[in-house]
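What follows is a single structure, written as C-alpha cells, with notes after it.
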Amino acid sequence: MKKSIFLLISLLATVFSCKELQTEVYNNSLLEQFPHHIKLTWKTSPENSQAISWRTRSYVSESYIEFTEATASPFFEKSIQNMKAKTDSLTSEDGLWYYHTINLENLKPNTMYSYRVGNMDLWSEWSEFKTATGQNEPFKFLYFGDVQRYIHSLGSRTLRQAVLANPDSKFMLFAGDLIHRGGLNKENWNEFFPAGGWAFQNIPTIATPGNHEHKWVAKETKEIAPLWHLNFSFPENGPIGQEGQTYFVDYNNIRVISIDTSAKITSEQREETYAWLEKVLKEFEGDWVFVTFHHAMAGLARNRPPNIRFPEIKALLEKYNVPLVFTGHEHLYARGRMGADFPVYAVSVAGPYQNAIQFSDWIERAGSSIQLYQEIHVSQSQLKYVSKTVLGDVYDSFTITKNDIGKMEFMEAENLPVESLIPTKDFETRYDKEEVETYEADKTKYLKRIKNKL
Ligand SMILES: [Fe+2]
C-alpha cells in the first residue's frame, strides 16, 4: 500500500514538473526569439516600396532588416544593405512582445528583392518579394471573407488552398474579421499568421478592419485594437484619425480602397470620410477601382436586419461606377447588385464559423455552410471573378467587361454548380423559431426566382 502511494506521488510530481517545464519552454522557446509573424504590406507605392512587419519575444528588443536585389546565386553577401526597424512593444495576455516594422523605399519597379529580418544570431530565413511593374498587364489577386474563428484547425485550410492554387497572386485582400478578438494573441493573431505561414512573407496583404478588430476581448469598444497597427503597416493616406484603417493602395492600373466601417468616429468625421471617398473615387485615372469594407452593404445573416447599412457610400459607389465591392461580416456567401447595374457586391467567408442566410431580393448567387476564397483576374478591359470552395472547385464566377467608352457589362458564367444552401450547424438552437420555420419556404422562393431569371 505504502509503495503504491509513494509511486502515485512520484508520478504526480513528475507530471506536474513536466507541465511546468513545458510552460517554461513555451514562454522562452527559441522559436519565439526568432522573428515571426513576418508579413508584407504596402504603406506607400507598390512600385517603389515594400513594408515589412514582424515580432519578437521580450529578449530581442531591437531588430533589423537585411535586403538586396535577388539573385539565383546564394553568394550575395556583398550587396546586402542593412536597416534598423522601428520598434514598439506591447504586453498582451501572453506576455511582452516587440513589434517591428520598416518601409523599404526607393526600390526599383518590377524587381525581385531578397530580405531577412532579425538580430544577432536570430534571423528569419531569406524570402523574396517583387515590386509592381506600374504597367497595365494582366494579374490576379485573392480576396477572403472572415477567417475569424477556429483559425488554426479550419480557417487555415482556405488560406493554404488559395495560395497553393494561386502562387502568383500579387496580393491577398482580407475584408475584415481576420481574427475573433482583436486584442488577444492566443487563438487569434497567434493562429492567423501561422495559418498563412510563409505566404505572408512573399505575398503582400491588404486588409480592412472588421468589427472584431475593434473587439479587444469580449466587449466591442469601437476603438481599433492596438495589435492592428502593430501587426500591419498600411497607407496613411486616409482621413485624419483613420490612417492605416481607411486608406487606398494603387497597384498598377487598379486602386483598392479600404473603409473602416467600424471606426469610432464622430458624425463630422463620417462626413469627412464620405468626402474623402468621393475624392479618391473621382481623381482615380486607372482602369479599375475596388472598394472593400467589412460590413456587407445589407444585413444577410438570417437574424439580422436586412436594411442598407451605408446609403451614402452606396450612392457614391454607383455614382463613380465602382465595378466590385468586397465585404464580409455575414459568415455566408452572397453576390448581387442592389438596384443599379454596378457595383456587384460580394460577401464571402473563409473560416468555418457560418450563419444561416436570409434570401434577400438582391441576391443573384447565395451560399451557406461553405468555406470559400476568391480569385480576381484583372486585365485592362476585363475583370474575371472566380469564387472557389476550400477544395478548389468553382462556386461562382462572372466577368465585367469594359468597352472603348468605358461602359461596363456584367456576364455570369455558365454551368455554375448547385448552390450550397444548407443552414448552419445548430441552426434550430441558434435562431428564433420563425427564422427556422420559414427557411425552406424562403429557399424555395429564392430558387424559383433565380431559375426564372435564367
Ligand atoms: Fe465576422
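None of the figures in this text is laboratory data; all of them are computed from the coordinates on show. If you're wondering where the values come from, they're calculated on a predicted model, not measured in any experiment. No Cβ is skipped: glycine too gets one built from the backbone with ideal geometry, and neighbour counts run over all protein chains shown.
Out of the DSSP beta bridges found with both residues in the chain, what percent are antiparallel (nearest 5)? If I count the DSSP bridges inside the chain, around 75 percent turn out antiparallel.
Protection proxy ranking of 322-332, 75-85, by the mean of other Cβ atoms within 10 Å over each peptide's residues and highest first, is 322-332, 75-85.
For the chain, the fraction of C-alpha pairs more than 33 angstrom apart is 38%. Cross-linked pairs 186/388; 39/84; 319/445; 279/314: Cα-Cα separations exceed 21 Å for 186/388; 319/445. Couplings for the range 322-332, taken from phi via the Karplus curve 6.51 cos²θ - 1.76 cosθ + 1.60 with θ = phi - 60°, read 5, x, 8, 10, 10, 9, x, 6, 8, 6, 6 Hz in order; Gly and Pro are left as x.
The convex hull drawn around the Cα atoms of the range 276-379, when projected onto a plane and averaged over every direction, covers 6.7 nm².
Dividing the mean sequence gap of close Cα pairs (under 8 Å, 6+ apart) by how many residues the range 31-130 holds gives a relative contact order of 32 percent. Multiplying each eigenvalue of the alpha-carbon gyration tensor of the range 356-454 by 5 and taking the square root yields semi-axes of 31, 16, 11 Å, largest first, rounded to whole angstroms.
Sorted ascending by nearby beta carbons within 10 Å, beginning with the fewest, 120, 172 become 120, 172.
Residues whose amide H comes within less than 5 Å of that of residue 92, counting only those at least five positions distant or on another chain, are 97 (H built at 1.01 Å from N in the peptide plane).
Checking the cross-link pairs 170/215; 282/407; 108/130 against a 21 Å limit on the alpha carbon distance flags 170/215 as lying beyond it. Cross-link partners for residue 86 among the aspartates and glutamates, with Cα-Cα distance under 18 Å and sequence neighbours closer than 8 places in the same chain left out: 62, 66, 105, 236, 243. By the helix-only formula, in which each DSSP H run with n ≥ 4 contributes -39500 (n - 2.57) and the sum is divided by residues, the chain has a 222 nm mean residue ellipticity of -7000 deg cm²/dmol. Taking a straight Cα-Cα cut-off under 16 Å and skipping sequence neighbours fewer than 8 places away in the same chain, the aspartates and glutamates within cross-link reach of residue 448 are 361, 364, 419, 440. Using the alpha-carbon positions of the range 31-130, Rg (one decimal) and Dmax (whole number) come out as 13.8, 43 Å.
Legend: helices of the chain (whole DSSP H runs) are marked when their alpha-carbon atoms reach 30 angstrom or more along the helix axis and their mean Kyte-Doolittle hydropathy is at least 0.0; marked are 2-27.
The charge dipole of the chain, taken about its Cα centre with unit charges on the Cβ atoms of Lys, Arg (+1), Asp and Glu (-1) only, comes to about 800 debye.
Karplus couplings for the range 334-341 from phi (6.51 cos²θ - 1.76 cosθ + 1.60, θ = phi - 60°), rounded to Hz, Gly and Pro as x? So the J values, rounded to whole Hz, are 8, 8, x, 10, 10, x, 8, 5.
Once Rh is set to the Kirkwood radius over Cα pairs, what Stokes-Einstein translational diffusion coefficient, in µm²/s, holds for the range 131-255 at a temperature of 4 °C and a viscosity of 1.567 mPa s? The calculation lands on 85 µm²/s.
With the biggest extent put first, the Cα atoms of the range 107-152 measure 42, 37, 11 Å across the principal axes. For the range 139-453, the residue among 356, 216, 231 whose Cα projects farthest onto the positive side of the dipole built from Cβ charges is 356.
For residue 134, the amide hydrogen comes within under 5 Å of the amide hydrogens of 252, counting only partners 5 or more places away or on other chains and with H modelled in the peptide plane. The Cα center of the range 134-196 and the Cα center of the range 267-289 differ in position by 26 Å.
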